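Notes follow the structure.
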C-alpha cells in the first residue's frame, strides 16, 4: 500500500509537467490547427529563464584577496554579487535563494514575446500547409532553439536550486499512520503540483469565464463562422499562442529545481507530451490534463522494482503501450472530439 | 534499329585500364611501401582527435580538444612545453614526432558508438590519421578501439572507466591511461569503511550500460569485502532524466547508503533528486544516511552544484595535485585557457605525449613498434606518480584519488577536495582477474 501511494505521489509532478505542456500543445492545435513540435523547446526556454535570472542575480564585482591564491598561484579574485552590496549580505542571499520563483516574473513576458515572434515570424506561414510540413518546420525550429541554448549555456546540466525553505521532504507516511520515512515527498515537488493545478485552473477559467475565452472556444469549434461574424480571430489566436508559450515556459521555470536544466530537456518531454495529447484526445483540453496525470502516474508505477522484476524494461515502454491500448479501444482518445483531425 | 559498339574485348580492356587506374594511388601510397596504415611523409604526421563535440558530453569533449591542441603545441616546440620537461622520458625535444611536424584532424563522436566509429573511420581513411584518441564514454571507447584494431592504427583511449575497455574488450592496438571501475572501488571502499563504518547497507542505482554494470560490480564487491551488505541494485535507463521513482523506495528498503553508479547528466539528476528527497538529512538504522558517487568529474560536479558537498567519490586526476607534472600542466593549460583542466583534459594530454614518446623511442610510426614501446613502459612526471603501462592488458597503473565535494569552495573550479591519494599497489590486480576476463588482447595489427 505504501509503495502505491509513493508512486502516485511520484507520478504527480511528472504528470503536472506533461499536463502543462500538453495543455499548451492542445491550445495551439485547437486554435491554430498547428502541430507544434517546438513546444518542448518552449518548456526548455522557460527553464533557462530560471537559469538566466539566477545568473543575473549572481552578477558580481571582483576584489583581490592577497591572503588566498587561485589555481595558478595568483592572488585570489573574490566575486561578490552586486545584490549583496545593494541589499546587504543577508537580504542579497535571500534574493538569490529565491531566484526560481522570481524568474516567473521574468519568464512571463519573455515567453509571451517568444511565442508571439515564433507565431508571427514562422508558424503563421504554415497554417494552410499539410501537418507534415508543420511538424518538419517546428521540429527544425526546436533543434535551432536547443542548439542556441547549448551555444550560450553549454551542454552540461546547470543546477538551479529551489529556495532553502523547500529543501527536504514531507513525511506523508507519518500522517497516514505508516512508519517514518516510508512515504516521503520533496516539498518542492508539492509546490510544483500545486503550481500546475493553479495554472491549469487559471487557463480553464480564462477560457470559460472571459469574453476573450468564449471567442477562442468558438473559434476552436468553428473558425470560419466566428470570422464571418466580424471578429479578428487570427489576432486572438496569436495571443493564444503567446499564452500557450507562457504556460510551457512557466512549467519549465518551476521544473528547473527538480531536474537541472539542460539544452535537451525539451526534447525529452516533447514526444511524451504528444502521446499525452493523443491519448487525451486531439483538441480536448480536459483530456490533455487527464492524460498527463494518468501517464505520469503510470510511468512512475512502471519503474517500481516489483513490476520491473516481472516485466523488465516496462518503465521505458509503458506510456506507448497504454497509448496503443487506449487508441485501439477509443480511437479519438480519452476525451477526443468528433471531427478533430479526422478530415 | 540501334547499333552498339560494345564488344567483349572492349569491356575487358576498359575494365583492366580502369582497375589499374583505381589501384594505382593505393599502390603508390606510402602505406604499401612501409607496411602499415597511413605511414606519414617526411614533413608532417596527422593525429585524429575523436571527441564529443555535440551531445551531452560536449563540454568534456571541448576540454579534451583544448588539451590535445596544447599537446600538439608543446610537441611542436610551442608554448612553455607543459609536461615535456617533467616527463621522465626525455626523448621528446619539441621538434614534432621523429622530426615531423604534428598536425591533427578532429571528429565528433556525439557520444554514440556508430557516430564515433564513422568519424574515426573518416579520419583514418580520408584524412590519413595514424593514431586515434579521445572520447568520453566507455561504449564509444570500446567501439572505436575495435575499429582501430581492424584498421591497423593505434587507439589511445580518452575518458573511459569501464573495466571492459582493458578487460573483455581489450585490443592489442588500444591503450588506456585513465583508471577503471575496479580501481575506483579498490581506492574508495576502504575510505568509505573508515568514514561510515563496516556495518552498512547499500542500495545501488546503476546506469544500464557497460560502464554502469562494471562500476556496480566493482564497488559492490569492494564494499562487501569491507563488511557492507548490498541491499538492492536497480538498473536505470541511460536516457532517464527524473530518478524520483527510483529514489523514493530507497529509504523503505532498510539501506543507509545510496550508491549512484551514474555519470554525466545521469549523476547530476540522480544526485539532485536524492538531495531533494532529503535523504542526506535522514537517519536509518541509527546512522546518518549517506550518498556515494564512485566516479566524479569536476565538470559534472559543477552541474550538481551544492549537492556534491561532502559526498565521496574517486577521480583519475585533479588540478590541485602538487607534483611537478600536474603543476606544469595546470600552469600551461590555465595560462592558455583561463581555467584549470579537467581530468578528461589531463588524460588526453598525457596520452598524446605517451604516443609521441613511444614512436620516438621505438623509432617508427608502425603501430606494432609503438605498441612494443608502450607495453611495460614505466614513467613518471605526468601526474599520478610512477606509472606502468601493463603489457598484458594495456592498462595504466598509477595512484588513484579519493575525493569529496568541498564544503566551502573558494571558486567555481574548487569543487572537489582530495581526501586520499591511494597508492598504486592498492588498486593493482592480476591481468586474469575475473572482472576483466573474457577477452583476448590478440596481436597488433599494422594494417596495410
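Using Cβ contacts closer than 10 Å as the measure, can you line up B:69, B:229 from fewest to most?
Numbers: B:69 17, B:229 14.
So the ranking, lowest neighbour count to highest, is B:229, B:69.
Dividing the Cα convex hull volume of the protein assembly as shown by residue count, how many Å³ per residue is that?
Hull volume over Cα atoms, normalised by residue count, gives 219 Å³.
How many percent of Cα pairs in chain A exceed 34 Å? Numbers along the way, then the final one.
Values: 18599 of 58653 pairs.
Of all Cα-Cα distances in chain A, 32 percent exceed 34 Å.
Helix-derived [θ] at 222 nm for chain B: sum -39500 (n - 2.57) over DSSP H runs of at least 4, divide by residue count, nearest 500? Display every interim value, and only then the final one.
On the way: 14 runs with 172 residues, N = 448.
Dividing the helical sum by the residues of chain B leaves -12000 deg cm²/dmol.
If you count, for every residue in A:293-302, the Cβ atoms of partner chains within 10 Å of its Cβ, what is the mean? Display every interim value, and only then the final one.
Working: counts 0, 0, 0, 1, 0, 0, 2, 4, 1, 1.
Mean inter-chain Cβ contacts per residue within 10 Å come to 1.
Compare the peptides A:280-288, A:112-120 by average per-residue count of other Cβ atoms within 10 angstrom and give them in order, highest first. Show your work: numbers first, answer last.
On the way: A:280-288: 23.8, A:112-120: 18.7.
Descending packing order for the listed peptides: A:280-288, A:112-120.
Sorting B:317, A:86 on the 10 Å Cβ count, fewest up front, what's the list?
Numbers: B:317 27, A:86 10.
Taking fewest neighbouring Cβ atoms as first place, the list is A:86, B:317.
In Å, the Kirkwood hydrodynamic radius of chain B over pairs of distinct alpha carbons? Each step should come with its number before you reach the end.
Details: mean 1/r = 0.0437 Å⁻¹.
Evaluated on chain B, it is 22.9 Å.
Between B:122, B:157, B:344, find the one with the highest GNM mean-square fluctuation for chain B; connect C-alpha pairs within less than 10 Å.
B:122
Say we join alpha carbon atoms closer than 10 Å with springs in a Gaussian network model of chain A; which of A:19, A:103, A:93 then has the biggest fluctuation?
Result for chain A, Cα springs under 10 Å: A:93 fluctuates most.
Find the eigenvalues of the gyration tensor of the Cα atoms of the range B:182-315, then list the square roots of 5 times those eigenvalues as equivalent ellipsoid semi-axes, largest first, in whole angstrom.
Working: eigenvalues 73, 58, 42 Å².
Equivalent ellipsoid of the range B:182-315: 19, 17, 14 Å, largest first.
Could you work out the relative contact order of chain A? I mean the mean sequence separation of Cα pairs under 8 Å and 6+ apart, divided by the number of residues, in percent. Spell out each step's value before the answer.
On the way: 551 pairs, mean separation 115.6, N = 343.
34 percent.
Among bridges DSSP assigns within the range B:182-315, what percent are antiparallel (round to 5)? Can you show the working numbers first?
Details: 2 of 19 bridges.
Roughly 10 percent of the beta bridges in the range B:182-315 run antiparallel, per DSSP.
Let me know the mean shielding of B:331-339 by other chains, meaning the per-residue number of their Cβ atoms within 10 Å of its Cβ. Don't jump to the answer; show the numbers that get you there.
Values: counts 3, 0, 2, 5, 1, 0, 0, 1, 3.
Rounded to a whole number, the mean comes out at 2.
Using the alpha-carbon centroid of each, what span in Å lies between the range A:4-50 and the range A:97-138?
Value for the Cα centre distance between the two parts: 13 Å.
Counting alpha carbon pairs within less than 8 Å and at least 6 residues apart, what relative contact order, in whole percent, applies to the range B:182-315?
Values: 239 pairs, mean separation 34.9, N = 134.
The value is 26 percent.
Determine the shielding of peptide B:303-311 by partner chains: average, over its residues, the number of Cβ atoms on other chains within 10 angstrom of each Cβ.
Details: counts 9, 4, 6, 3, 3, 1, 0, 0, 0.
Counting other chains' Cβ atoms within 10 Å and averaging over B:303-311 gives 3.
Please report the spacing between the Cα centers of the range B:260-275 and the range B:361-385 in Å, no decimals.
37
Please list A:182-189, A:76-83 highest first by mean number of surrounding beta-carbon atoms within 10 Å per residue.
Working: A:182-189: 23.2, A:76-83: 15.4.
The peptides rank, most packed first, as A:182-189, A:76-83.
Taking the DSSP beta bridges in the protein assembly as shown as the whole, what percent of them are antiparallel, to the nearest 5?
Working: 28 of 65 bridges.
The antiparallel fraction comes to roughly 45 percent.
If you take every DSSP beta bridge fully contained in chain B, what fraction is antiparallel? Give it as a percent rounded to 5. Mind showing how you got there, number by number?
On the way: 18 of 55 bridges.
Counting only bridges with both partners in chain B, antiparallel ones make up about 35 percent.
Please list A:296-303, A:315-322 highest first by mean number of surrounding beta-carbon atoms within 10 Å per residue. Numbers along the way, then the final one.
Values: A:296-303: 21.9, A:315-322: 16.8.
So the peptides A:296-303, A:315-322, ranked by packing, come out A:296-303, A:315-322.
Report, in deg cm²/dmol and to the nearest 500, the calculated mean residue ellipticity at 222 nm for chain A, where each DSSP H run with n ≥ 4 adds -39500 (n - 2.57) and the sum is divided by the residue count.
Working: 15 runs with 234 residues, N = 343.
Value at 222 nm, helices only, nearest 500: -22500 deg cm²/dmol.
Neighbouring Cβ atoms within 10 Å as the yardstick, rank B:90, A:124, B:170 fewest first. Don't jump to the answer; show the numbers that get you there.
Values: B:90 10, A:124 16, B:170 25.
In order of increasing Cβ crowding within 10 Å: B:90, A:124, B:170.
So what is the relative contact order for chain B, in percent, with contacts set as C-alpha pairs under 8 Å and at least six apart?
Numbers: 978 pairs, mean separation 85.4, N = 448.
This gives 19 percent for chain B.
Quick check: the distance between the Cα centres of the range A:170-203 and the range A:214-269, to the nearest angstrom?
Centre-to-centre (Cα) distance: 27 Å.
Calculate the FRET efficiency for residue B:54 and residue A:229 from the Cβ-Cβ distance with a Förster distance of 51 Å, rounded to the nearest 0.05.
0.50
None of the figures in this text is laboratory data; all of them are computed from the coordinates on show. Everything quoted here is computed from the prediction, not taken from an experiment. Positions of Cβ are generated from backbone atoms using ideal geometry, with glycine treated the same way; all protein chains shown enter the neighbour counts.
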